[in-house]
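Enquirer: Here you go, one structure.
The values are calculated or read from the model by the stated rules, or taken from the named source; none is laboratory data. Predicted, not measured: the structure shown is a model, and the values here were computed from it. Ideal geometry is used to build each Cβ from the backbone, glycine not excepted, and the neighbour counts take in all protein chains shown.
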């Protein structure tokens, strides 16, 4: 077995899943009575974390039968989930536990629903120190207070199609100049080099942008690991936006502007694009017959960004929003979502790396998904790393990327002007 490497600033959030039953309907409470908790989630249908959720749900329902029941609302996508949570924030009607991503955690803190978790963590030192770990807790501490916890680590490079790379006569780039040279050679094959998208949170695009910024010396790395930076109008950010402009104009798919993550993923899985930036939770898709052709997993390689860089982060995690009469049950549920068992399910089903300091990668998982081991071992080789814009930026800034990327691609907005627009979006959130 190979021990999972954990480092400050790195994490993955388990996206929970249940079978989508249609629309935004709430199921009847299930689990056999007791305290009823409201829990919405978006990982439905073919979502990557659906198998992990189903394993969790069966285990939780049996363990807390007669004590805690879940009233589950199934939402069809991340975007629908985020939009609905932001509506519920305004009326202070957030459900008992929510995924805090894309600004939901910050809004829950602002409206007073987010429950401060320090006292809960302190009464369970094993959970605090070993299941979650000091680094993950420190990353989600805001002004000395803890409002969310996480269950996995984000260690993100990029995946590439080895067969297409071989045809183009290239290997993973060691420098950004070589990155663009590789893109030119892939383009000459008639294949899009990059699976980018500017819809939702511009995820695959902004991962590459983060690496581009962080690779520009210590100043760039500091910028990409600073929560809510004072300005985006820095030389490193503007230069990286210029590089991304080149990528959007020349080296991606025709549908990239406005595309959702599902579009970018499909372009890579269907071999319409040679590279996609994403985390290890995508590994299971490479052998999923519902998403790609048999044998595709044997074509996929993984690489760090030019200069041996990674995008690494502790995402916002789960937020407890239960009222006083349900807060104990809510905390129990939250702990189970982040338990060792849940982290191991996420590793087995999705390749997601846990944060628990005493978990190991089982031999069968390492054999089935060797790239998971590559991700874990890459931390020790990393020469620079940047956080994700999802974590460092205000939600308004993340939204602004998607709003202005099309103008950047069209050339009607310069990189410097886009950086100024990002500053405007940040100011609006304060």
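Enquirer: Restrict the check to region 16-38 and report whether at least one residue is in contact with a helix residue (DSSP H, G or I) (Cβ under 8 Å, 6 or more places away or on another chain), at pLDDT 85 or above and crowded, with 22+ Cβ neighbours inside 10 Å.
Expert: yes
Enquirer: Identify the residue in region 73-90 that is outside any loop (DSSP other than H, G, I, E, B) and touching a helix residue (DSSP H, G or I) at 6+ places or on another chain (Cβ under 8 Å) and, among all such residues, is nearest to residue 112 (Cα to Cα).
Expert: Looking at residues that are outside any loop (DSSP other than H, G, I, E, B) and touching a helix residue (DSSP H, G or I) at 6+ places or on another chain (Cβ under 8 Å), I get 89.
Enquirer: Can we say residue 315 is surrounded by fewer than 19 Cβ atoms within 10 Å (Cβ to Cβ), closer than 26 Å to residue 216 by Cβ and either modelled with pLDDT under 90 or in contact with a strand residue (DSSP E or B) (Cβ under 6 Å, 6 or more places away or on another chain) (or both)?
Expert: no
Enquirer: Ok, one more. For region 398-414, how many residues meet the condition of being assigned to a helix (DSSP H, G or I) and within 13 Å of residue 249 (Cα to Cα)?
Expert: Qualifying residue count, region 398-414: 6.
Enquirer: I'd like to know if region 322-342 contains one or more residues that are over 21 Å from residue 154 (Cα atoms), in contact with a helix residue (DSSP H, G or I) (Cβ under 6 Å, 6 or more places away or on another chain) and outside any helix (DSSP H, G or I).
Expert: yes
Enquirer: Further question: Out of region 187-223, which residues are assigned to a loop (DSSP other than H, G, I, E, B) and in contact (Cβ under 8 Å) with a residue 24 or more places away in the chain?
Expert: Passing the criteria: 189, 191, 195, 196, 197, 198, 199, 200, 201, 202, 215, 216.
Enquirer: If only one of 304, 282, 270 is within 22 Å of residue 186 (Cβ to Cβ) and in contact with a strand residue (DSSP E or B) (Cβ under 6 Å, 6 or more places away or on another chain), which one is it?
Expert: Result: 304 is the single residue among 304, 282, 270 that is within 22 Å of residue 186 (Cβ to Cβ) and in contact with a strand residue (DSSP E or B) (Cβ under 6 Å, 6 or more places away or on another chain).
Enquirer: For residues in region 343-366 being within 19 Å of residue 159 (Cβ to Cβ) and part of a helix (DSSP H, G or I), which is modelled with the lowest pLDDT?
Expert: 350
Enquirer: Would you be able to tell me the number of residues in region 245-261 that are out of contact with any strand residue (DSSP E or B) (no Cβ under 7 Å at 6 or more places or on another chain), farther than 18 Å from residue 418 by Cβ and surrounded by 20 or more Cβ atoms within 10 Å (Cβ to Cβ)?
Expert: 2
Enquirer: Would you be able to tell me the number of residues in region 224-237 that are touching a strand residue (DSSP E or B) at 6+ places or on another chain (Cβ under 9 Å) and either under 17 Å from residue 271 (Cβ atoms) or not in a loop (DSSP other than H, G, I, E, B) (or both)?
Expert: Adding up the residues that qualify gives 0.
Enquirer: Suppose we filter 108, 55 for residues that are in a helix (DSSP H, G or I), modelled with pLDDT of 90 or more and in contact with a strand residue (DSSP E or B) (Cβ under 9 Å, 6 or more places away or on another chain); which single one remains?
Expert: 108
Enquirer: Check 156, 137 and return the single one that is assigned to a strand (DSSP E or B) and touching a helix residue (DSSP H, G or I) at 6+ places or on another chain (Cβ under 9 Å).
Expert: Criteria check complete, one pass: 156.
Enquirer: Shifting gears a bit: Out of curiosity, is residue 428 farther than 27 Å from residue 283 by Cα and touching a helix residue (DSSP H, G or I) at 6+ places or on another chain (Cβ under 7 Å)?
Expert: Judged against the criteria, residue 428 is a match.
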